[in-house]
Amino acid sequence: MNDKDRAPGVYPVSVRQDEWVSNVTPFAVDTLPEYLDKEPNNSKARAQRVSLPIIVNGRIDQPGDLDVFRFDGLAGAEIVAEVHARRLNSPVDSMLTLTDSSGKQLAINDDHADLGSGLNTHHADSYLRATLPRKGAYYLQLGDAQRKGGPEYAYRLRISKPQPDFALRVVPSSISARVGATLP
């Protein structure tokens, strides 16, 4: 399969060299434009300007670091900001905060439960959905809830309109029955 034909999602990848094979690691694929966060962007005054929709690949470089993104929005527009970090094996425990140009907090999220993540006991990736109250500048701040950081604290931030999707889950995922038996 050609990489351009892949549907958005997370895929397991590894590297092979001769007889050596690396550990499998999750790799995210999407259709939106992707950019890197540009430091310094740790305050409203130094916020990185972005145009939506976008994926920002970044890093919480050091303990206490924040990454702030500025975007223009329209009254009544609905946006979603979602972090993929822990689900991609990063130690980031993300915290998202959305504010307007005056600094008024519009939405905040620390942990968002991803029911598709199996036995995960700490849903550390953030997700927020908000309707913008007026036309103007908005600021999205991303940091680590535990105020940690370092080279391994990478994240993937998606800011876009809400995406239609669903996931069908059946519990239990399988049924054991004897041949010829009837089950409720």
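Of the conditions (1) hydroxyl-bearing (Ser, Thr, Tyr); (2) touching a Phe, Trp or Tyr at 6+ places or on another chain (Cβ under 7 Å); (3) farther than 30 Å from Pro133 by Cα, Ser94 fails just one. Which one is it?
Unmet condition: (3).
Given Pro12, Pro63, Pro33, which one is on the phi < 0 side of the Ramachandran plot and touching a Lys or Arg at 6+ places or on another chain (Cβ under 7 Å)? Steps first, please.
Values: Pro12 fails: touching a Lys or Arg at 6+ places or on another chain (Cβ under 7 Å); Pro33 fails: touching a Lys or Arg at 6+ places or on another chain (Cβ under 7 Å).
Of the residues listed, the single one that is on the phi < 0 side of the Ramachandran plot and touching a Lys or Arg at 6+ places or on another chain (Cβ under 7 Å) is Pro63.
Report every pair of residues separated by at least 6 positions or lying on different chains whose Cβ atoms are under 7 Å apart, first residue within the stretch 162-184 and closer than 30 Å to Glu78 by Cβ and open to solvent by less than 100 Å² (accessible area, probe 1.4 Å), second of a type outside the set (Val, Ile, Thr) and at pLDDT 80 or above.
Cβ pairs passing all conditions: Pro162/Glu78; Pro162/Arg129.
The values are calculated or read from the model by the stated rules, or taken from the named source; none is laboratory data. Just so it is clear, the model here is predicted, and its values are computed rather than measured. Note that we place each Cβ from the backbone using ideal geometry, even for glycine, and neighbour counts take in every protein chain shown. With ligands, DNA and RNA removed, areas are computed over all heavy atoms of the protein, side chains included. Shrake-Rupley method; radii C 1.70, N 1.55, O 1.52, S 1.80 Å.
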